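Visitor: The following block contains the structure, expressed as structure tokens.
The values are calculated or read from the model by the stated rules, or taken from the named source; none is laboratory data. All of these numbers come straight from a predicted model, not from anything done at the bench. As a convention, Cβ positions derive from the backbone with ideal geometry for all residues, glycine included, and neighbour counts pool all protein chains shown. The protein model used for the area step is the full one, side chains on, heavy atoms only, and it has no ligands, DNA or RNA in it. Shrake-Rupley method; radii C 1.70, N 1.55, O 1.52, S 1.80 Å.
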Amino acid sequence: MGEEKIKMKDIAQLAGVSRSAVSLALNGKKGVSKKTREKIFRVIQENNYKPLRKRNGGKNHKLSNVRFIIINKANKHGLVTDNFRALPFFNDLLNKILKNINNFGGKVQIESLDGDNLSKELSNIKSSDKIYPAVILGTDLTSEEVLEIDRAIPKAVFIDTYYPGISADFVTMDNYQGAYLAAKTILAKGYKRIGYIASEKVMSNFQERRRGFYAALKEMEVELDAKDFYVVSPTRMLPSMDNPLLSINDLPQAVFCENDYMAIRLIKELNQQKINVPKDIGVIGFDDIYEGKIITPELTTIHVPIEQIADQALHQLQSKVALDDWEPQKCLVSTRLIERSSL
């Protein structure tokens, strides 16, 4: 069939499916089997079908191919490195992306860009004629880096970060709401003196958590004393006994940790010091990684719906590729409390 004449109904006829099945496949939605999705995308590519309101200068968008890009910041002491899958949260996030792409018949290529030479890496991408729809793991990215990447890779969605002043596609958890909920939970349990364990690495997610937590305290006219604010590594999980909280005898009644890695490490350190959790001090984390279920006591935490984040990211990417008039969308996915034994 001619490129200018083929329509969705023609794709449906060639694939032997309904138009609604084609629409579901194009939008990455449930309702058709993996086998059917693969067949639909094969027909789409064979016939150069472009589900666009405008023709994008005649470029062919391969909707079934997606790149998952990480920016390696090992030399800048970032959270994201080539070994990022060793961290449970990032590993779960990538697995959900892979699963969802496979479910609509697509393929994913994992790529790492050198954060120390980001401009050069992006220049190579811009000079290439490759189709480059991408999901960008943005955890460590500054606002300037997001802007630079967005200019180089216009068909991209950033996950696990969010900058309200930037016109780009973002999907992440609602960090503000989650930390606000954590603070409200601590206060509702009657704790008066509250501690805060912050990441030594400054990034958008942790800054939003801090804002949300402090906002909830302010509403209840509770102040967090400077001596109860601690800064530690956000990824170390093994106890090392160098936690500043343990250097004092006068502990707060409960502490919020900006992520579960910090919370799990703290509980291990407290256990070694024969400090009872939650009798002597309550602990709450953020992310709900699996390891929080197997520590003693089990970790109370804020659950992040990783699968929903993955679904939304791919929906936005699919729409961005398919539609010339797609406007950048910022999606914050709400979190919920998981009550266990540590608080």
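Visitor: Over all directions, average the projected area of the Cα convex hull of region 272-326 and note it in nm². Intermediate values should be presented prior to the final figure.
Guide: Numbers: hull surface 21.4 nm².
The Cα convex hull of region 272-326, projected and averaged over all directions, gives 5.4 nm².
Visitor: In the neighborhood of D260, defined by Cβ-to-Cβ distances under 9 Å, what is the net charge if each Lys or Arg adds +1 and each Asp or Glu adds -1? Please report the intermediate quantities before stating the final value.
Guide: Working: positive: none; negative: D287, D288, E291.
Taking every Cβ under 9 Å from that of D260, the sum is -3.
Visitor: Still on this structure, please answer the following. Under a cut-off of 20 Å between alpha-carbon atoms, report the aspartates and glutamates in cross-link reach of K126, not counting same-chain residues fewer than 8 places apart.
Guide: Leaving aside aspartates and glutamates fewer than 8 places away in the same chain, those within reach of K126 are E111, D114, D116, E144, E145, E148, D150, D169, D324.
Visitor: Round to a whole number: what % of the accessible area of region 168-298 belongs to carbon and sulfur, probe 1.4 Å? Each step should come with its number before you reach the end.
Guide: Working: 2790 of 5680 Å².
Roughly 49 percent, rounded to a whole number.
Visitor: What's the extension gain from E144 to K218 if we count 0.36 nm per residue and subtract their Cα-Cα distance?
Guide: 23.5 nm
Visitor: Using bins 10 angstrom wide from zero, how does P(r) for region 169-222 break down, in % of all Cα pairs?
Guide: It works out to 24, 52, 21, 3, 0, in whole percents.
Visitor: I'd like the distance separating the alpha-carbon centroids of region 13-28 and region 317-343, in whole Å.
Guide: 25 Å
Visitor: Counting other Cβ atoms within 10 Å of each Cβ, which GluC sites (Glu not before Pro) in region 132-238 have at most 16 and sit in a DSSP loop? Don't skip to the answer; put the middle values down first.
Guide: On the way: sites: E144, E145, E148, E200, E208, E219, E221, E223; in loops: E200, E221, E223.
Those that pass, being in a loop and sparsely packed, are E200, E221, E223.
Visitor: Probe 1.4 Å, all protein chains in place: accessible area of T296 in Å², nearest 10?
Guide: 110 Å²
Visitor: Right, next: What are the semi-axes of the equivalent ellipsoid of region 171-308, taken as the square roots of 5 times the eigenvalues of the Cα gyration tensor, listed largest first and rounded to whole Å? All intermediate terms of the calculation are to be shown ahead of the outcome.
Guide: Details: eigenvalues 84, 66, 40 Å².
After scaling each eigenvalue by five and taking roots: 21, 18, 14 Å.
Visitor: Still on this structure, please answer the following. If we sort 94-101, 286-293 on the protection proxy, mean other Cβ atoms within 10 Å, highest first, what's the order? Could the numbers behind the result be given before it?
Guide: Numbers: 94-101: 18.2, 286-293: 20.4.
Result, highest mean Cβ count within 10 Å first: 286-293, 94-101.
Visitor: I've got another one for you. Would you report the distance distribution of C-alpha pairs in region 114-228 as whole percents per 10 angstrom bin, up to the bin with the largest distance?
Guide: Over region 114-228, the share of Cα pairs per 10 Å bin runs 12, 36, 24, 16, 9, 2, 0 percent.
Visitor: For region 251-304 and region 133-199, what is the separation of their Cα centres, given in Å?
Guide: Measuring centre to centre over Cα atoms gives 22 Å.
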